[in-house]
Amino acid sequence: AQTVTQSQPEMSVQEAETVTLSCTYDTSESDYYLFWYKQPPSRQMILVIRQEAYKQQNATENRFSVNFQKAAKSFSLKISDSQLGDAAMYFCAYRASNTGNQFYFGTGTSLTVIP
Amino acid sequence: ETGVTQTPRHLVMGMTNKKSLKCEQHLGHNAMYWYKQSAKKPLELMFVYNFKEQTENNSVPSRFSPECPNSSHLFLHLHTLQPEDSALYLCASSQPQGAGQPQHFGDGTRLSIL
């Protein structure tokens, strides 16, 4: 079964600094997708960034970028120039391409941004 | 606007009550999901519907009963719940498999069982 592990329950970062959130996963599939979601205190889960496993190039969305290491099954999220609005729970998620609609989520990392 | 709307936002009920959670999506998706979110735990997938047909039921107790009358609406009927069922219940929708499309979530219903 696929599992997603986020080993950092809590992280903090100074405003304007950079922080990296870790995620590892376990799968025997070769084709899949990886996602980072943000859940602020308002509760709505919002997609931050997505990575296709067949693409070697790391995805980037403005201040958010990933370090995707397929062989190591690692998918970390880097937030640059951290802002107060980045404070939230961050969830890493996995979805196989051809084995149903299931998404697998990690336990989340709570990010605090210090002014 | 989220595109996925859940009602009610908060629900407090006794263990003998019957209530329903509602989810509606306006994104044209064909897959809908119910998740349970408890503190310090991964999101627990409860049910998946694909084109109105249930495709996943992750050993959810029968006191939770889903209903999907069409691709835009999803309900979770609750009956004789237990205190450990108190959690945030999230609804999500997506395109079916293979598209690589992410899930879109609603704001959730915070459920408290007395």
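Do you know which residues across the range A:1-36 are assigned to a strand (DSSP E or B), closer than 27 Å to B:ASN58 by Cβ and touching a residue at least 60 places away in the same chain (Cβ under 8 Å)?
A:THR3, A:VAL4, A:THR5, A:LEU21, A:TYR25, A:TYR32, A:TYR33, A:LEU34, A:PHE35
Kindly provide the set of residues from the range A:97-115 that are facing chain B (nearest Cβ under 8 Å), open to solvent by less than 10 Å² (accessible area, probe 1.4 Å) and part of a strand (DSSP E or B), ordered by number.
Of everything in the range A:97-115, just one residue is facing chain B (nearest Cβ under 8 Å), open to solvent by less than 10 Å² (accessible area, probe 1.4 Å) and part of a strand (DSSP E or B), namely A:PHE103.
Hey, which of the strands (runs of 3 or more DSSP E) in the range B:1-106, taking only ones fully inside, have at least 3 residues that are open to solvent by 30 Å² or more (accessible area, probe 1.4 Å) and farther than 25 Å from A:LEU34 by Cα?
The strands (runs of 3 or more DSSP E) meeting that bar are B:18-25, B:64-70, B:73-79.
When only residues in the range A:37-52 that are part of a loop (DSSP other than H, G, I, E, B) and closer than 15 Å to A:LEU111 by Cα count, which is most open to solvent (accessible area, probe 1.4 Å)?
A:PRO41
Being in contact (Cβ under 8 Å) with a residue 40 or more places away in the chain, within 12 Å of chain A (Cβ to nearest Cβ), out of contact with any Cys (no Cβ under 6 Å at 6 or more places or on another chain) and surrounded by fewer than 15 Cβ atoms within 10 Å (Cβ to Cβ) is the requirement here; does B:SER112 meet it?
no
Would you be able to tell me the number of residues in the range A:73-84 that are within 15 Å of A:SER12 (Cβ to Cβ) and either facing chain B (nearest Cβ under 8 Å) or open to solvent by 10 Å² or more (accessible area, probe 1.4 Å) (or both)?
2
Which of the residues belonging to the range A:79-111 are touching a strand residue (DSSP E or B) at 6+ places or on another chain (Cβ under 9 Å) and farther than 28 Å from B:LEU45 by Cβ?
A:SER80, A:SER82, A:GLN83, A:LEU84, A:GLY85
Inspect all residues belonging to the range A:53-72 and state whether any of them is within 11 Å of chain B (Cβ to nearest Cβ) and either crowded, with 16+ Cβ neighbours inside 10 Å or in contact with a Lys or Arg (Cβ under 6 Å, 6 or more places away or on another chain) (or both).
Checked against the condition, which is being within 11 Å of chain B (Cβ to nearest Cβ) and either crowded, with 16+ Cβ neighbours inside 10 Å or in contact with a Lys or Arg (Cβ under 6 Å, 6 or more places away or on another chain) (or both), the range A:53-72 yields at least one hit.
The values are calculated or read from the model by the stated rules, or taken from the named source; none is laboratory data. All of these numbers come straight from a predicted model, not from anything done at the bench. Counting neighbours? That spans all protein chains shown, and the Cβs are built from the backbone with ideal geometry, glycine included. For accessibility, only protein heavy atoms count, side chains too; no ligands or nucleic acids. Shrake-Rupley method; radii C 1.70, N 1.55, O 1.52, S 1.80 Å.
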